[in-house]
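Asker: Below is one structure. I have some questions about it.
Only the coordinates and a few stated rules stand behind these numbers; no lab work does. What you are looking at is a predicted structure, and each value in this text was computed from that prediction instead of being measured. As a convention, Cβ positions derive from the backbone with ideal geometry for all residues, glycine included, and neighbour counts pool all protein chains shown.
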Amino acid sequence: MYTIYLVDDEINLNKMLVTYLEQEGYRVRSFTDGISAQAAIKDEPDLWVLDIMLPDLDGFQLLKQIKATNAFTPTIFISARDEDIDKIIGLEMGSDDYIAKPFLPRELVIRVKKLIDRVYGSKSNEHIEYGEYTIYPEKRLIRHEQDEIDLTSKEFDLLLLFLEHPGSALSREQILEGVWGHDYFGSDRVVDDLVRRLRKKLHRLELETLYGVGYRLVKP
């Protein structure tokens, strides 16, 4: 699963773009100012979507620091200023694409997908085998023999998290951060409910409960 960091100070647009990108299976962390985004550069996500006009630190400054950390990290600029000079400066500084406001959220999703495919290669046919299950992470698809199993977005995210750490104990806190993200506020009991639902749909998934700790996926 690819991780996208989105920076835009228009809160409603920010939330809408997060929703659209998450529906496509991306893990998204959003920021509404440049300073908080700057502190997260060290995380090195798979792709940045940057608004040029921010209230404190503009997108050009962020791009410079992102490229200094990892010159190969792909970026997309978004801006309300449809000016050629912005496009030129952004592209010269290493941005991979530029989109001017207003735009349809679906357009950004398409540009993100094409850029990720170009940079990282299309992985739509790559799959993971676990016992009798075949999981296609990019397609968000799981099959048992010839039957397709319907999972919700959060159920699939949880499954991928366990598959990324087979044999490792994962605490509820680690699962909350891995599935719901850094900004989740609420009870960690949502983890237990999600695990219960996943077990109900995937009977042959060897998922152990570690009392007082969390859960562990047994290696196949």
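Asker: For the chain, with the dipole built from +1 on Lys and Arg beta-carbon atoms and -1 on Asp and Glu ones, taken about the Cα centre, which of Pro166, Val218, Val195 lies farthest toward the positive end?
Answerer: Most positive-ward Cα: Val218.
Asker: For region 116-220, with only Lys/Arg (+1) and Asp/Glu (-1) charged at the beta-carbon, what is the dipole magnitude about the Cα centre, in debye rounded to 20?
Answerer: 140 debye
Asker: What pairs in Lys15/Lys42; Lys64/Lys114; Lys15/Lys219; Lys113/Lys219 have C-alpha atoms more than 27 Å from each other?
Answerer: Lys15/Lys219; Lys113/Lys219
Asker: Could you give the angle, 0 to 90 degrees to the nearest 10, between helix 11-23's Cα long axis and the longest principal axis of the Cα atoms of the chain?
Answerer: Between helix and principal axis, roughly 40 degrees.
Asker: Further, regarding this structure: Can you tell which of Lys67, Lys101, Lys114 shows the greatest fluctuation in a Gaussian network model of the chain with Cα springs below 10 Å?
Answerer: Lys101
Asker: How many nm is it between the label spots at Asp183 and Glu129, if each spot is 7 Å from the Cα in line with the beta carbon?
Answerer: Label-label distance for Asp183 and Glu129, simple model: 4.0 nm.
Asker: Need the C-alpha centroid separation for region 96-119 versus region 141-220, integer Å.
Answerer: Distance between centres, Cα-based: 30 Å.
Asker: Right, another one. Would you kindly state how much longer the chain becomes between Ala39 and His165 on full extension, computed as 0.36 nm times their sequence separation minus their alpha carbon distance, in nm to one decimal?
Answerer: Gain on stretching Ala39 to His165: 42.7 nm.
Asker: If I stretch the segment between Asp192 and Glu10 completely, what's the gain in nm (0.36 nm per residue apart, minus their alpha carbon distance), one decimal?
Answerer: Length gained, Asp192 through Glu10: 62.1 nm.
Asker: Would you mind working out the magnitude of the charge dipole of the chain relative to its Cα centre, with +1 at each Lys and Arg C-beta and -1 at each Asp and Glu C-beta, to the nearest 20 Debye?
Answerer: Approximately 600 debye in magnitude.
Asker: Could you state the principal axis extents of the C-alpha atoms in region 128-217, from the largest down, to the nearest angstrom?
Answerer: Sorted from largest, the Cα extents of region 128-217 read 38, 25, 20 Å.
Asker: Quick check: pseudo-label points 7 Å beyond the Cα along Cα→Cβ at Lys114 and Ala71, how many nm apart are they?
Answerer: For Lys114 paired with Ala71, the spin-label model returns 2.6 nm.
Asker: Further, regarding this structure: If you look at just the Cα atoms of the chain, how large are its Rg and its Dmax in Å?
Answerer: 19.1, 59
Asker: Given +1 on the Cβ of Lys and Arg, -1 on the Cβ of Asp and Glu, and no further charges, what dipole in debye does region 43-164 carry about its Cα centre, rounded to the nearest 20?
Answerer: Rounded to the nearest 20 debye, it is 380 debye.
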